[in-house]
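Please treat every number below as a calculation from the coordinates, not as lab data. It should be emphasised that the depicted structure is a prediction, and the values quoted were computed from it without experimental measurement. Quick reminder, even Gly has a Cβ in these numbers, built from the backbone with ideal geometry, and neighbours come from all protein chains shown.
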Amino acid sequence: MRISILGSGYVGLVSGACFADFGHFVTCVDLDEKKIERLKRGEIPIYEPGLDALVADNSAAGRLTFSTDVNAAVADAEVIFIAVGTPSRRGDGHADLAYVASASEMIGRAMKDFTVVVTKSTVPVGTGDEVERIIRKVNPAADFAVVSNPEFLREGAAIEDFKRPDRIVVGLEDERARPVMESVYRPLYLNQGPLMFTGRRTAELIKYSANAFLAMKITFINEIADLCEKVGGDVQAVARGIGLDNRIGSKFLHAGPGYGGSCFPKDTLALLKTGQDYDVPLRLVEATVSVNDNRKRAMGRKVIAACGGSVRDKTIGLLGLTFKPNTDDMRDAPSLAIIQTLLDHGARVRAYDPEGMDAARALIEGIEFGADAYDVAEGADCLVLVTEWNQFRSLDLSRVASLMKTPRLVDLRNIYRTDEVARAGIEYTSVGRRAELSEIETQEAAE
Ligand code: UDX
C-alpha cells in the first residue's frame, strides 16, 4: 500500500518506519525542512531504541522516504495518517487542534481518488467529525473516509509496542475504510493481532480512557505507598498482593515520584475538559491529576526530610532527569518539580542523565551537570535516584558511599534492596517501604 504520514515527530516516525517494515511504501512528511534534511541523511531527531536501524534499513530498501511536499504525498497515497502534535492549549488545558486543522486543510486541497484519512494524533472526542468537515469545506467533491486509529506506544518501547500491540483500535463510520485498514495492519492481523473496529467517537474515547485509567492506577499505588510509610506496610508487597488478582493486574503498580511524560499529564487534562464540556464531571480523573501534581513537589520535601529537615547549602546529586528511562524526553518529568523544590530551599543541585542532559540544559537554570553517577555522588550530602535507567540499577554502592560527603540515598523508584544499601553504610529512604528489610525481600530470601 502507499501510505503518507503527516508529521514526522515521535508517533509519525515510529509508525512510518514500522509500516515500511511491514512492506508498505511510506512517505513521512513534515513542514520542517531541516528535520526532513536530517532524516534523509539518516539522522533521527529523537532517542528511541532501534529506530535508527529501522529507518536506515527501510530507507535503503526504498520503502521509506522523507519529504516536505505535502501535496505530492497526499495525492499519491491510498491512506494518509495525521500524526501532528496536539499539545495542551496554553491557559485552558484543552488539546490544541491547530496542527490537525491545518493538516486536514492541506489533505482536502491535494486529495485525488478515494482516500482514507486516519487520525493517529491523540485527539478529543469529535475531532474525526471536525477533520471530515474541514476536508469537505475545502474540497466539496472529495471522496474520502475519516478513521480514528489511536496509538498506544510507550516511549522507549515504541517499536516493540507497534509490532506486538495488545490491540489495534480502528474507529470508523464509513465501511469502505474497513478493508483498507485491514490491509494496513495485515501483517499483525494475520498473526491474530487483535484488530478491534468501533465507531469513530468510541475509538477516540478509548485512547483517553486507557491513559486516564493507567494514570489513576499509578496514582492509587502512590497514595497507598504514603499510607504504607505511616502504618509500617510495604507497598511492593501490597502491589504484588493485589496485582496477582487478574481483575486488577500487576502492571502500572510501581510506586514512584508520580507520572510524567508527553501523554498522561496532557491526556488526563484534555479528558477532564471534555467531561466539563459535556457536563459530566470526571471526579476520579480530577483527583488523579491533582494528587499527581502535588506528589512531584512532595518528593522534593521527602529529600529535605531525609537530609534532616534542611538542604540549605547542601549538595544534592540527582540521578536521572527524564520522565522515565530510555528516552530523552523531559516533558512533565518529576525531576523538574523536585529540582525546583530543592533550589527553593537553598540546595545546590548536581544532576546526571544518560540521554536527557541536552533537553534539561535548555529547561533548567541554576543547577550543575555531572559526567556520570559517581561524579554526581562526589562530595554530595544526598543522592536522589529519580529515573530508573539501567546504569543506575547496579551502582557500586561502596564506591558511592566512599565518594559522598554524607552517604545517603533517596531511592524514588525502589530499585535497591534495603539490606544491600545498609551493608554499604548508606542511609536509605525509599517509597512506601520500611527502612529495615522489606517484606518482599524477606519472602524472596526465603523462596
Ligand atoms: C504512555 C502509555 O503507556 C502509552 O500507552 C501511551 O500511548 C502514551 O503514554 P509513556 O508516557 O511513554 O506511555 O510511558 P509509560 O511507560 O506509560 O510511563 C508514564 C509515566 O508513568 C512515567 O513517568 C513512569 O515513570 C510512570 N509510571 C509508570 C509509574 O510511576 N509507575 C508505573 O507502574 C508505571
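Within the chain, helices built from complete DSSP H runs that reach 30 Å or longer along their own axis (Cα positions) and carry a mean Kyte-Doolittle hydropathy of 0.0 or higher are 200-231. Once you order the gyration tensor axes a ≥ b ≥ c over the Cα atoms, which shape class does the range 2-198 get: rounded for a/c under 1.5, otherwise prolate or oblate by comparing a/b with b/c? Judged from the Cα gyration tensor, the range 2-198 comes out rounded (a/c under 1.5). Between R295, R283, R200, the GNM of the chain built on Cα springs shorter than 10 angstrom shows R283 fluctuating the most. Placing unit charges on the Cβ atoms only, positive for Lys and Arg and negative for Asp and Glu, gives the chain a dipole magnitude near 460 debye about its Cα centre.
Dividing the Cα radius of gyration of the range 238-290 by its Kirkwood radius returns 1.08 for Rg/Rh. Between T268, T119, T198, the Gaussian network model of the chain with springs among Cα atoms under 10 angstrom shows the greatest mean-square fluctuation at T198. Its DSSP H runs of at least 4 residues, each contributing -39,500 (n - 2.57), put the calculated 222 nm mean residue ellipticity of the chain at -13500 deg cm²/dmol, to the nearest 500. Computed packing ranks the peptides 273-282, 126-135 as 126-135, 273-282, most packed first, by mean other Cβ atoms within 10 Å. Considering all different alpha carbon pairs of the chain, the Kirkwood hydrodynamic radius works out to 23.6 Å.
Could you work out the local net charge near A337, counting Lys and Arg as +1, Asp and Glu as -1, over the other residues with Cβ closer than 14 Å to its Cβ? So the surrounding residues net to +3.
Between the DSSP loop rule and a limit of at most 15 other Cβ atoms within 10 Å, which GluC sites (Glu not before Pro) in the range 147-181 are left? The qualifying sites are E173, E175. Legend: distances between Cα atoms for K230/K302; K120/K207; K34/K207; K35/K273; K217/K266; K120/K217; pairs beyond 21 Å are K34/K207; K35/K273; K120/K217.
Seen through its C-alpha gyration tensor, with square-root eigenvalues sorted a ≥ b ≥ c, the range 236-446 comes out oblate because a/c lies at 1.5 or above while a/b is not bigger than b/c. Count Lys and Arg as plus one, Asp and Glu as minus one, and take only other residues whose Cβ is under 14 Å from that of R90; the net charge is then +1.
Structural descriptor for the chain: relative contact order 11 percent, calculated from alpha carbon pairs under 8 angstrom and at least 6 residues apart.
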